[in-house]
Amino acid sequence: MTRYSQRTALAVLTAAAVCLLPEAAFAMHISEGILPASWAVLWGALAIPFVAWGLRDLKRRSRNEPAFKPFVGLVGAAVFLISCMPIPIPTAGTCSHPCGTGLAAILIGPGLTVVVASIALTLQALFLAHGGLTTLGANILSMGVAGAYIGYGTYWIGRRLGLHVLAAAALAGVLSDWGTYAVTSLELAAALHGGGSFSAMFSLILLAFVPTQIPLGLVEGALCAGALKFIRSRRPELLRSVSVGGVS
């Protein structure tokens, strides 16, 4: 072996060794291994009925409207992409990121939003190392269930109180985002407070999210309103045929 080949081989081995060195990972959503097994199982069990209900809703509504499934697929792709922008929160073992579930809930309803969020979270855990399989149930509850139902409920109440469609959508986007992280903080505090104070741990984790999640929530509110405005101006008939939020 020539000296050049030896140096090349040494460089390759060194690079490989560096890549194998362990380092802290701040995966999106609640990271793999953060939750004790008992809590991971509990959150997973609580998430299953919501996913099952969403799948039942998909089957029922697809039977009545052939264009509905492709629309759900587009909304699911949007949720996947929107939630793929993590900002690490080292003190909390998780990340801040926009969710897209408020917008999805307005367009396809909260039940189906749980389904598309579950698919997005599973793909991110399997292929992007974002979140984890053991924490999948907890992440579905926070981003899928809480984000969807808070967003949809906010939009529904806002419209009934006379808010403009876009104002109600913006508020839904903001509160669905903040609600997701309030539930995430609750899940982490419940599992990790040990013999200490649950409320103190909850407050500490919630405060860790504040610097990133307050502006991200406001951005998500603007995104939700802007996306809805775009869809209403280009394809209003699509919203009238498949939306459950009364956006037309």
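Descriptive notes on the structure:
- Taken as a whole, the stretch 187-194 holds no residue that is farther than 19 Å from G131 by Cβ and in a helix (DSSP H, G or I).
- The stretch 48-61: number of residues that are under 22 Å from G73 (Cβ atoms), surrounded by fewer than 14 Cβ atoms within 10 Å (Cβ to Cβ) and either touching a Cys at 6+ places or on another chain (Cβ under 9 Å) or not aliphatic (A, V, I, L, M) (or both): 3
- Extreme residue, surrounded by the most Cβ atoms within 10 Å (Cβ to Cβ), among residues of the stretch 16-47 that are of a type in the set (A, V, I, L, M) and at pLDDT below 50: A27
- Residue selected from the stretch 120-139 under the condition of a type in the set (V, I, T) and buried (at least 17 other Cβ atoms within 10 Å of the Cβ), by the criterion farthest from L188 (Cα to Cα): T134
- Residue in the stretch 215-222 that is within 14 Å of the chain's Cα centre (by Cα) and not in a helix (DSSP H, G or I) present: no
- Hey, A78 under 27 Å from A191 (Cβ atoms), surrounded by 12 or more Cβ atoms within 10 Å (Cβ to Cβ) and either at pLDDT below 80 or of a type in the set (G, A, S) (or both) or not: no
- One residue from L141, L133, L123 being farther than 13 Å from G100 by Cα, aliphatic (A, V, I, L, M), touching a residue at least 12 places away in the same chain (Cβ under 8 Å) and outside any helix (DSSP H, G or I): L133
The values are calculated or read from the model by the stated rules, or taken from the named source; none is laboratory data. All figures in this text were calculated on a predicted structure; none of them were measured in a lab. Cβ: placed from backbone, ideal geometry, glycine included. Neighbour counts: every protein chain shown.
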